[in-house]
Amino acid sequence: MKLSKHVLLLISAGVLLCPSASAYYHFLRYLTRNAPFVSVPTKWDLAALPNKTLNYYLSEQGPTALAANDSLPSILSQIRLAAKTWNDVDSSDLRITFGGIAPAGSPSKGPGIDVVFSEDIPPGLIALGGTSSVGSVIAATATTGAFAPINRSLVMLRGDLSDQPSFSEAFFLTVVHEFGHALGLQHSLSSSVMSTQITRATSKASPLAADDIAGISLLYPARNFLSLTGTITGRVTLGGNGVGMASVTAIPPSGPALNTLTNPDGTYRIDGIPQGQYFVYVQPLPSPLDGEASPANIVAPIGPDGQPFPFPSPFDAQFFPGTRDPNQAAPIAVMPGVSVDNVNFQTQPRSSIPISSVQAYGFIGQVTVKPPVLNRNLGGGSVVAYGNGLLTSSGSILPGLNVIPIGGSVGLNGSPRPYLYAPSYVQMDLLLNSFTTEGFHHLVFATPNDMYVLPSAFQVTVKPPPSIASVTPGSDAAGNRVVAITAANIDQNTRFLFDGYPAAIRSYDAQAGRVVVSPPPAAPGHNAAVVALTTDGQSSLYVQGNNPVSYTYDAGDAPAISIAPAALPAGSEAMVEITGTNLNLIDGLARLGFGTSDITVRRVWVTGPNRLLADIGISGAASPATTTVSLANGLETVTLPGGFSVQPAVAGKLLVLPQAINPVTGSALLTAGAPAMLFTLNLPAGITPAGILLTLNDLPIAVSAVSNGQVSFQIPATIAPGPAIVRLRTSTDAAQPIAFHIEPPPPVIVSILSQGAPVDAAHPVGRGDTLSIVTSGLVANAYTGIVPLSGVTVNAGGVDHTPLQILPSSTVSGAYEVVFTLSSNVLSGAQLITVTQDGRSANPAGLPVR
């Protein structure tokens, strides 16, 4: 889709398109220009999204130039991985998924994110992102606050990517950042992925920081996010008046920070803080850099008149309670569900901001790494920094500059000095010891009368980054392609990306440093960069830079697809069948899209390597049009241009709606042998059960009752889990077939273990103990073979618990061990415990708690 000048003008007028450069701060407006201020965020209306799911659409018009050995499929895989990063935030209720390839020139209407390549990107930037259309404010209700609904968003990537390899840390994190803007997040100063590229300190292995997770989760809260995290509130004043848009940050001694900006009256509130000890500091926004329209490229909130609130004048930075010495800062204990209030700051005016926009780098061999990574076992290392005010105009260190690590377990060896190989940078030699904790650490750049804090200035690890020596193709016993990867500094939790998609690990040999994986599907002859990512946030790119090991897929015939039916009227609910050749479809990987928000893909089932079924819905307001059918499967995207047509709506057409329930439980989880109820439109008046012909997977089904379009029947006990194809007709009309899902039987608790020993009345457990529930019947991902943590909940003594790990059982074949820590909120005595996966709950077992 080519961007017109009209579109760019529209976005510019909306002031919501953010260049990639400094997490949680939302696009805000206020309904008054006077206190008390209630912020109104700009966000997607979940109630208007099918299944709370937002589609993104990739432009048919790809980049104009690529880096050496790069390809469009590689770039698209990184875009999909970036979107999946936000989709996988469990504490957010918003889901993001692939909506297909949008043909060039197709209109952008309905909710969705357009991902386009354009030459209209300012020099020096890789991408832009933000909202392109926002609706009028929706008033607060009993359950939600007021908000301005996003109608459409845009992620715009530079057309010329010849200097941006798609596998690189910078490209991937930039795309994650721009998707964050498209979802309603803007810049802040926590060094998270939503910080500008200046201070950003996340990695491909761990792209989201606590601030990013809080930001998206507060816009779209799910489950019990707020009850599991804490809050800090206060006010920033200068001369007794509130200071608006002051940057307030909660920072632990080590670990990621959380940041927000104050309201116009100086009040602030930081929600979503994980439990722990935090220091809190305030500092002014940095002076705008060249090319920035405002400090840190923040979009100022607007008032009811549409005019932005002003940015504040400079003031002095300080830690709570009013000190520039981090060693004198008062730690604040944050507890789940508790708000710590009156963390206030009284600041003094300044004529300028001496130090700002500091960025730090490190080196591993000849590779520059940002943020710097220091190995504790080596006793320390060097960090170089660049930023406003660190050096005088003559190139010497700013007089009185002192660099102070926060936390007490990191020392400075000597004084800061100009970096020998680039004198405009400042070198600091840091000392680590056995008490230095792993994770991110922070630096204070202090002068006699001011300070600047750089959160997550460097990362401490206890092992070197991974490095890949070789990738070797082979075959398993069934003749399926596998790849053996030989690598150093890996473990059983290391992930291996083939471009932007993780390979499924088949075996791991720690002694040999060898992993056997199933590579994700890709087009014949595709060349994929292979990158190892470890749980401590490191990457093999830290060692191999822009020269990763690559894997070339086998030669073969190109894939092709067809769809049936290839045309449906507007307003339809129907099942479509995709068949093809050379597809190698894998359940859990395949995604179907039509490139338009008029068509919603409700669910996909892979039924064979070259066949899938999908339930789709077409808007009743859709205009007649042809669309491109897009099938994404691993690294491969197969398209069928003009392959599907939307036809004019047919009035009075019989429809089976895409929801079916168990009428006894009211649940949408349907199992073999259970009662079921379908919902229909346009059944003939007065029709009886005998007048309805119903089949399920081509088995005739007796209808037991029909009333108000609700059709009741019994699911056969012999039907297998998976898609059940429903065909319903009367003597005068036939509905389009749909499919609903037959769930597998619920899980079964086999035993409960504590430190490997069975739990029983004679061996009760204690609060805080780590337990393993041996459970059969859990469903693993078909591709990875792993049971996803996100779908599993443990309820013990009436308290929900999130599993720490789910591992294959070493004692019961086909079972898994669900590992969790028993909450302190569970009462003593005889309790019940159960495991639930995606709504399927095991029968409760007894849990004696001492």
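The values are calculated or read from the model by the stated rules, or taken from the named source; none is laboratory data. Fair warning: this is a prediction, and the values are worked out from it, not measured in the lab. No Cβ is skipped: glycine too gets one built from the backbone with ideal geometry, and neighbour counts run over all protein chains shown. Each accessible area value is taken on the protein alone, full model and side chains, heavy atoms only, with ligands, DNA and RNA left out. Shrake-Rupley method; radii C 1.70, N 1.55, O 1.52, S 1.80 Å.
Annotations
- Leading residue by the ranking (nearest to the chain's Cα centre (by Cα)) among those in segment 808-843 that are of a type in the set (A, V, I, L, M) and under 14 Å from S776 (Cβ atoms): V818
One line per residue, one yes/no per condition, for (1) buried (at least 20 other Cβ atoms within 10 Å of the Cβ); (2) more than 23 Å from L208 (Cβ to Cβ); (3) not aliphatic (A, V, I, L, M):
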site	(1), (2), (3)
V462	no, no, no
P465	yes, no, yes
N480	no, yes, yes
N493	no, no, yes
S507	no, yes, yes
Y542	yes, no, yes
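- Any chance S751 is at pLDDT 95 or above and touching a Pro at 6+ places or on another chain (Cβ under 9 Å): yes
- Strands (runs of 3 or more DSSP E) (entirely within segment 350-390) containing at least 1 residues that are open to solvent by 30 Å² or more (accessible area, probe 1.4 Å): 356-364, 367-369, 380-388
- Selection of segment 219-233 for residues being at pLDDT 90 or above, open to solvent by 10 Å² or more (accessible area, probe 1.4 Å) and closer than 25 Å to F320 by Cα yields T229, T231, T233.
- Residue count for segment 677-694, restricted to those that are over 40 Å from the mean Cα position of the chain (by Cα) and open to solvent by less than 70 Å² (accessible area, probe 1.4 Å): 7
- Exactly one residue out of A317, A333 is farther than 21 Å from S192 by Cβ and either among the aliphatic types (A, V, I, L, M) or open to solvent by less than 10 Å² (accessible area, probe 1.4 Å) (or both): that is A333.
- Single match in A469, A457 (criterion: among the aliphatic types (A, V, I, L, M), open to solvent by 10 Å² or more (accessible area, probe 1.4 Å), at pLDDT 95 or above and in contact with a strand residue (DSSP E or B) (Cβ under 9 Å, 6 or more places away or on another chain)): A469
- Top-ranked residue of segment 637-669 - restricted to ones that are among the β-branched types (V, I, T) and farther than 24 Å from V604 by Cβ, ranked as nearest to the chain's Cα centre (by Cα): T665
- Any pair with Cβ under 8 angstrom, 6 or more apart, that starts in segment 103-129 at a residue that is among the polar types (S, T, N, Q) and ends at one that is not in a strand (DSSP E or B): S106/M1; S106/G595; S106/T596; S108/M1; S118/K2; S118/L3; S118/G159
- Qualifying residue in segment 276-286 (condition: open to solvent by 10 Å² or more (accessible area, probe 1.4 Å), closer than 19 Å to S188 by Cβ, modelled with pLDDT under 95 and among the aromatic types (F, W, Y)): no
- Total residues in segment 662-676, condition open to solvent by 30 Å² or more (accessible area, probe 1.4 Å) and either under 25 Å from N51 (Cα atoms) or in contact with a Ser or Thr (Cβ under 7 Å, 6 or more places away or on another chain) (or both): 10
- Residue within segment 730-748 that is farther than 30 Å from M677 by Cβ and part of a strand (DSSP E or B) present: no
- Positions within segment 60-75 being outside any loop (DSSP other than H, G, I, E, B), open to solvent by 20 Å² or more (accessible area, probe 1.4 Å) and aliphatic (A, V, I, L, M), in sequence order: A65, L66, L72
- Checking every residue in segment 180-192 against the condition of being surrounded by fewer than 17 Cβ atoms within 10 Å (Cβ to Cβ) and either outside any strand (DSSP E or B) or under 18 Å from the mean Cα position of the chain (by Cα) (or both) gives zero matches.
- Note on segment 695-729: residues that are assigned to a strand (DSSP E or B), open to solvent by 40 Å² or more (accessible area, probe 1.4 Å), among the aliphatic types (A, V, I, L, M) and closer than 20 Å to L613 by Cβ amount to 1.
- Residues that are open to solvent by 40 Å² or more (accessible area, probe 1.4 Å) and among the hydrophobic types (A, V, I, L, M, F, W, C) within segment 647-656 comprise A649, V650, A651, listed in sequence order.
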